[in-house]
Amino acid sequence: CYAVTTLELEVLGNPVANMPMALEECDDDTDGFVEFDLSDRDAEVIGAQTGVVVTYHSTPQGAIDGTDVLPILYTNTVADTEEVYVRIENGAGCYDTTTLQLIVNPLPATVAVSPYELCDEDNPGDEQELFDLTSKEAEILNGQVNVSVSYYADPTDADLNVNAITGPYANTSNPQTIYAVLTNDNTGCSNQVTFELEVNPLPVLVDPTPLEVCDDGTPDGLTAIDLNVKNGEISGNNPSYTVSYYFDLADAEAEVNPLAIPYTNVSNPQTIYVRVEDNATGCYDTTTLVLDVQQAPVANTPTPLYYCDPDNDGFGIFDLTEADSEITGGTAGLTVTYHETFANADNNVDAIDTTVGYNNIVADNGDSDAPILLYARVESATIATDCATIVELELIVEPTPQIIEPTPLEECDDASADGFAQFDLTSKAEELLNGADPADYDITYYQTELNANDANNPIANPTAYTNTVADMDEVWVRVEDPNTAEGCYKVTRLELIVNPLPVLVQPAP
């Protein structure tokens, strides 16, 4: 018994495995390994064919045999680049194979980006400036090519690649973080780096008072000036600031052609420009400085100061302030200091204390070739820098007559026996001069010590002087050296004694 049916015989064509494009992913952790979705290349392998299935295998033989099938979500096992094998099969078990390249593309390299700093110049104090972010591109790329950079103010925008900053950007806070996205133009892989926008304040400077200096030996109003004396005033003594000086504003702002110091002015007065820069930030501000050259104070060479030396040892005590008015001529605003050497006067150091008398440190031996000299420095109190005229002040210690108190001068009473007699006061001159020649001195006599010291009302006829107090009296002798400028003198006492006559008794015849 049998039945009959039909069997359709169909010869199917072999499927064709089209070569797919390489499957590329970006390496998010720079280890050369990443997860691939292999099914992303199914359509390319199949093309227009239908009724076929695509599988991926780790070996060529596995693709032929249909073994060693890889998972669709596959992480490469060979770093950076790996080849896997593709099998396309139809319902009849017919198949074809090809290969698929798996490529792990590196992200653009990043480096630490320094802060983008600007000085707060547009509107000082608002801490806002316009930043040209593209000026950081070379630093961000660090030599990479075929990489584009875009900038974002928000990290989410950077992740989504939306709302990129275009053109100059005004910061909204200080400091502010900017997100830079580096994208490889060939692979599309991107990476991020951040940097800070910082607006630095300008230096705080002080507009200086005019720099007043003394003219040099040529009274033309032009002189070498140490501009650095104004550094502290202008910078507020801030050690973080650098102060420099320029002929005009353009040079100051460009920081070119700084003036050499000392600087010789070209006009009087003259305005120059000052640049003050913060060493930490490089921010600067400018101001002006007026240079005013004034004539040195006029000082007169004073007449010598004299001192009468009571013991003739060549040392004396001088009130130096007695020369002040003669030196200054009475001009207001001048100060006078005295110094033992010219160098001290020139450098304005070791001024002599004039609140007490000055004792000369070198004895006056009367040598006119080596006088005792001090140096008076005259300064103007209105000129800020050292500006002085120096004149010499001679000190002269003059000798004083060396006298002794003479023995009393005695006379006999006359016949009147009234206790009064006539005295030749000059007869004691040689004795009181202790052997000195009376012709070398002026000797005068006085009834009181006060008159003797004041040289007032001398006794008119000292060779015939009658005592004014009976029996015993005294006069004062002033001995003055006429060869001294100050008329150095000494005063001593001379006692006068009137001795009574002998009392005679008339004898009997």
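The values are calculated or read from the model by the stated rules, or taken from the named source; none is laboratory data. Please read all numbers here as calculations on a predicted model, not as lab measurements. Counting neighbours? That spans all protein chains shown, and the Cβs are built from the backbone with ideal geometry, glycine included. Note: accessible area is taken over every heavy atom of the protein model, side chains too, but ligands, DNA and RNA are not part of it. Shrake-Rupley method; radii C 1.70, N 1.55, O 1.52, S 1.80 Å.
Just to check I understand the Karplus step: with θ = phi - 60° and J = 6.51 cos²θ - 1.76 cosθ + 1.60, what whole-Hz values come out for segment 482-493, glycine and proline as x?
The phi angles translate into x, 8, 9, 5, 8, x, 4, 8, 9, 10, 9, 9 Hz.
Note the per residue figure in Å³ for the convex hull of the C-alpha positions in segment 264-357.
195
What percent does the relative contact order of segment 196-277 come to when contacts are Cα pairs within less than 8 Å and at least six residues apart?
Worked out over segment 196-277, it gives 33 percent.
Where in segment 292-307 is the amide nitrogen less than 18 Å from a point lying 7 Å along the Cα-to-Cβ axis of Thr321?
What the label zone holds, given the 18 Å backbone N cut-off, is 305-306.
Tell me the volume per residue, in Å³, of the convex hull enclosing the alpha carbons of segment 1-128.
Dividing the Cα hull volume of segment 1-128 by its residues yields 197 Å³.
Starting from one equal scatterer on each C-alpha and no solvent at all, send me the Debye-based log10 I(q)/I(0) for segment 173-313 at q = 0.17, 0.20 Å⁻¹, two decimals.
Evaluating at q = 0.17, 0.20 Å⁻¹ gives log10 I(q)/I(0) of -0.95, -1.16.
Could you sort 197-204, 265-272 so that the peptide with the highest average Cβ count within 10 Å comes first and the rest follow in order?
Descending packing order for the listed peptides: 197-204, 265-272.
Along Cα→Cβ, 7 Å out, is where each label goes; now give me the distance between the ones at Ser173 and Thr81 in nm to one decimal.
Between Ser173 and Thr81, the simple spin-label model gives 4.6 nm.
R0 = 60 Å: FRET efficiency of Glu127 with Ile103, Cβ-based, nearest 0.05?
Using R0 = 60 Å, I get an efficiency of 0.80.
Roughly to the nearest percent, how much of the accessible area of segment 436-484 is carbon and sulfur, given a 1.4 Å probe?
In segment 436-484, the share of accessible area belonging to carbon and sulfur is 45 percent.
Do the sum for the chain: with -39,500 (n - 2.57) for every DSSP H run of n ≥ 4, divided by all residues, what is the mean residue ellipticity at 222 nm, to the nearest 500 deg cm²/dmol?
-2000 deg cm²/dmol, from helical runs alone.
With an 8 Å Cα cut-off and a minimum separation of 6 or more residues, compute the relative contact order for segment 1-104 in percent.
So the answer I get is 35 percent.
Using a 1.4 Å probe, what is the accessible area per residue for segment 377-509, in Å²?
Per-residue value: 54 Å².
Could you work out how much longer the chain between Asp353 and Ala470 gets when fully extended? Use 0.36 nm per residue separation minus the Cα distance between them, nm to one decimal.
36.8 nm
So for segment 389-458, taking the charge dipole from beta-carbon charges (+1 Lys/Arg, -1 Asp/Glu), which of Ile396, Gln447, Asn457 sits furthest toward the positive end?
Ile396
Between Glu196 and Thr463, what is the spin-label point distance in nm, taking each point 7 Å from the Cα along the Cα→C-beta axis?
Between Glu196 and Thr463, the label points sit 10.9 nm apart.
Grab the other residues whose beta carbon is less than 9 angstrom from that of Gln422, score K and R as +1, D and E as -1, and report the net.
Net charge around Gln422: -3.
With charges only on Cβ, +1 for K and R and -1 for D and E, what is the dipole size of the chain about its Cα centre, in debye, rounded to 20?
The calculation lands at about 1080 debye.
Lys and Arg at +1, Asp and Glu at -1: add these up for the other residues within a Cβ distance under 11 Å of Asp440 and post the number.
Here the charged neighbours net out to -4.
If you take the beta carbon distance between Glu392 and Asn237 as r and set R0 to 30 Å, what does 1/(1 + (r/R0)^6) give as a FRET efficiency, to the nearest 0.05?
Computed FRET efficiency for Glu392 and Asn237 comes out at 0.20.
Could you list, bin by bin from short to long, the percent of Cα-Cα pairs of the chain in 10 Å steps?
3, 11, 10, 9, 9, 8, 7, 7, 6, 5, 5, 5, 4, 3, 3, 2, 1, 1, 0, 0, 0, 0, 0, 0, 0
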